[in-house]
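Structure first, commentary second.
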Amino acid sequence: MSSATTRSLLDALSDLFFVFDEDGELVEWNQTAAEVTGYTDAELRSMSPLDFFEGEDVDAIERAVRDVFETGEATVRADLVAADGERTPYEFSVSRLVDADGEPVGFAGIGRDFSETARERERLRRREQTLRTMHEVIANRDTAFEEQVEALLELGRAEVGVDYGTLSRISGDDYVFEVVSADDEAIEAGDVIPVSVTNCEIVATTEETLVAGDVGRDVADADERAGYTEWGIECYLGAPVFVDDEVYGTFCLYGTTPRTEQFSEWAVTLVDLMSRWVSYELQRQSTRERLQRQNETLERFTSMVSHDLRSPLNVVDGSLELAERTGDAEHFARCRRAVERMDALVGDLLSLARAGMELREQTDVELGSLARECWQTAPTAEATLRVETEAVVRADEGRLRQLLENLFRNAVEHGSTGAADADFGAHADADFGADDPAEGSVTVSVGDLPDGFFVADDGPGIPESERERVFESGYSSQREGTGFGLDIVRRVADVHGWEVTLTESETGGARFEFTGVTRSE
């Protein structure tokens with residue numbers, strides 16, 4: 001092959017080709033070498049290997065030159081510095097040249113652009129560092145959960161390159177900013193907006209990660225959401241957060257500049273990983289709180305059983321002893337009353353324990369219909385029920401039934417003389433054919449509140465000074481009462497996440513208001 005042909009082939013290479021003589025002077029190179037370095041042929045001639053490098057790379061090249069003369073070959077990576085100062089990472093593979101007698105006369109080599117590989121290595125290094133930082137954040141148990149989430153949001157913003165990061169909680173139609181990471185104060189933790197204006201509504205509805213590099217391009221009906229049209233949210237990446245298999249809210253990153261390209265798979269994976277940890281941690285907290293409540297309920301239950309059954313048991317023991325000595329049947333009657341007392345206590349204690357347990361399944365419950373059903377099984381003789389609601393609420397029907405039955409019984413027993421000893425039965429509202437309450441009876445009403453419902457009566461009411469105490473276990477104004485009914489009511493409300501408030505009704509009786517109740521459309 002002629003030297004001209006060889007030269008032509010070398011010039012066709014996309015890699016650098018070079019030859020240095022035994023004195024370390026450049027004596028041959030291809031066209032790529034001249035183009036990459038930016039030197040003229042005159043400048044290249046007689047340049048040494050070290051002339052193309054700077055800093056620590058000079059030492060690496062010197063070692064490679066020594067190695068090639070000693071061993072015959074060498075490989076080295078270094079940043080080649082062009083005439084204009086631009087640095088490009090290259091990997092050089094060098095071989096020793098010898099004459100006919102086997103004596104070294106120089107070395108030749110190929111240089112491959114290492115830029116893409118270097119960039120990939122840098123990407124991998126950065127991602128590894130991001131994952132390390134993420135692990136450090138979530139493994140630090142000395143840091144509050146909100147601070148951990150904020151650190152994750154900041155890390156995600158920096159890695160993905162967006163303006164905002166938030167952990168939200170979706171409550172009905174409200175979107176609550178729980179944790180916020182941002183450089184400005186446009187949004188703050190605690191802010192509440194309609195969920196319908198956010199992209200997070202899509203995440204919550206589909207229960208899937210939403211990836212929108214350009215919201216206008218990637219999100220259907222984006223023009224109908226204020227987050228896009230008014231607030232300028234142009235790119236969005238958000239994943240659902242779950243607690244108890246229900247959507248709690250979203251973990252999302254978003255910005256005000258649209259992207260020509262979609263978010264990378266790495267960015268999506270990172271947000272998914274972070275949202276899953278947030279879900280896990282919220283679930284762990286929920287489970288811990290649930291177990292704590294159950295343990296407290298068990299402890300209280302054990303204590304109350306031990307305390308409240310002791311007195312009637314003593315009555316039984318003493319009465320049996322007296323009956324044995326005297327044969328008087330009255331002592332057996334006292335035993336029977338004590339046993340009935342224990343039966344009532346055990347029944348209410350079991351109801352109290354169940355009321356404090358976690359909800360089984362929440363369904364759509366017609367409040368008025370359930371109230372009428374409960375009225376039929378409560379001791380409601382000479383009493384009237386008025387149902388003034390058609391609301392459908394989300395609740396555990398069994399627990400809600402406990403709540404209503406205890407409120408009805410409490411209203412009747414404390415609002416109508418002798419009602420506690422009456423046979424089961426009821427007057428009812430218009431649906432049941434009794435429009436006018438009997439004289440001296442109590443009327444119980446069930447009606448609507450803007451975010452819940454109320455149960456009220458027209459009895460004597462509860463003094464304001466006693467309204468906090470009535471929810472305590474064992475509190476009763478009647479000697480025969482167990483004092484657990486309103487504690488059961490409070491526990492049922494708590495386990496649903498409702499607030500219960502005791503006030504005065506329009507007629508001066510008791511009015512129990514339940515708020516924070518979710519209604520079904």
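The values are calculated or read from the model by the stated rules, or taken from the named source; none is laboratory data. What you are looking at is a predicted structure, and each value in this text was computed from that prediction instead of being measured. Cβ: placed from backbone, ideal geometry, glycine included. Neighbour counts: every protein chain shown. Calculation scope for accessible area: heavy atoms of the full protein, side chains included, ligands and nucleic acids excluded. Shrake-Rupley method; radii C 1.70, N 1.55, O 1.52, S 1.80 Å.
In segment 110-123 there is at least one residue that is surrounded by 13 or more Cβ atoms within 10 Å (Cβ to Cβ), among the small types (Gly, Ala, Ser), at pLDDT 90 or above and farther than 30 Å from Leu282 by Cα. The set of residues in segment 143-166 that are in a loop (DSSP other than H, G, I, E, B), in contact (Cβ under 8 Å) with a residue 24 or more places away in the chain and of a type in the set (Gly, Ala, Ser) contains only Gly161.
Of all residue pairs spaced 6 or more apart or on separate chains, those with beta-carbon atoms under 7 Å, a first member in segment 492-504 that is over 15 Å from Asp457 (Cβ atoms) and a second member that is of a type in the set (Ser, Thr, Tyr) are Trp498/Thr515; Glu499/Thr515.
How many of the residues making up segment 243-264 are open to solvent by 50 Å² or more (accessible area, probe 1.4 Å) and closer than 13 Å to Glu159 by Cβ? Residues meeting the conditions: 1. Taken over segment 149-166, the criterion of being aliphatic (A, V, I, L, M) and either more than 12 Å from Met274 (Cβ to Cβ) or open to solvent by 90 Å² or more (accessible area, probe 1.4 Å) (or both) is satisfied by Ala158, Val162.
Quick one: which residue in Ala64, Ala74, Ala42, Ala34 is aliphatic (A, V, I, L, M), in contact with an Asp or Glu (Cβ under 7 Å, 6 or more places away or on another chain) and part of a helix (DSSP H, G or I)?
Criteria check complete, one pass: Ala34.
Restricting attention to segment 173-182 and to residues that are open to solvent by 30 Å² or more (accessible area, probe 1.4 Å) and out of contact with any Lys or Arg (no Cβ under 9 Å at 6 or more places or on another chain), the residue that is modelled with the highest pLDDT turns out to be Asp174. For segment 503-513, state whether one or more residues are of a type in the set (A, V, I, L, M, F, W, C), closer than 17 Å to Arg401 by Cα, buried (at least 20 other Cβ atoms within 10 Å of the Cβ) and modelled with pLDDT of 90 or more. Among the residues of segment 503-513, at least one is of a type in the set (A, V, I, L, M, F, W, C), closer than 17 Å to Arg401 by Cα, buried (at least 20 other Cβ atoms within 10 Å of the Cβ) and modelled with pLDDT of 90 or more, which makes the answer yes.
Looking across segment 221-240, the residues that are at pLDDT below 85 and either crowded, with 17+ Cβ neighbours inside 10 Å or aromatic (Phe, Trp, Tyr) (or both) come down to Ala222, Arg225, Gly227, Tyr228, Trp231.
Whenever a residue of segment 60-81 is closer than 15 Å to Ser95 by Cβ, its partners that are of a type in the set (Lys, Arg) and surrounded by 14 or more Cβ atoms within 10 Å (Cβ to Cβ), lying with C-beta atoms within less than 7 angstrom and at least six residues away or across chains, give the pairs Val68/Arg96; Phe69/Arg96; Gly72/Arg96; Glu73/Arg96.
Exactly one residue out of Glu136, Glu146 is open to solvent by 60 Å² or more (accessible area, probe 1.4 Å) and either in contact with a strand residue (DSSP E or B) (Cβ under 6 Å, 6 or more places away or on another chain) or at positive phi (or both), and it is Glu146. Considered as a group, the residues in segment 441-466 that are modelled with pLDDT under 80 and under 26 Å from Glu382 (Cβ atoms) include one that is nearest to the chain's Cα centre (by Cα), and that residue is Glu466. Do we have Arg169 as open to solvent by 40 Å² or more (accessible area, probe 1.4 Å) and assigned to a strand (DSSP E or B) here? Here the answer is yes, as Arg169 does meet what is asked.
Can we say Ala430 is at pLDDT below 60, open to solvent by 60 Å² or more (accessible area, probe 1.4 Å) and under 21 Å from Cys374 (Cα atoms)? Answer is yes for this residue.
Residues in segment 214-251 that are acidic (Asp, Glu) and in contact (Cβ under 8 Å) with a residue 40 or more places away in the chain: Asp214, Asp218, Asp244. Within segment 253-274, residues that are among the acidic types (Asp, Glu) have Cβ atoms under 8 Å from residues that are open to solvent by less than 40 Å² (accessible area, probe 1.4 Å) in these pairs: Glu261/Gly213; Asp272/Ala239, counting only partners at least 6 apart in sequence or on another chain.
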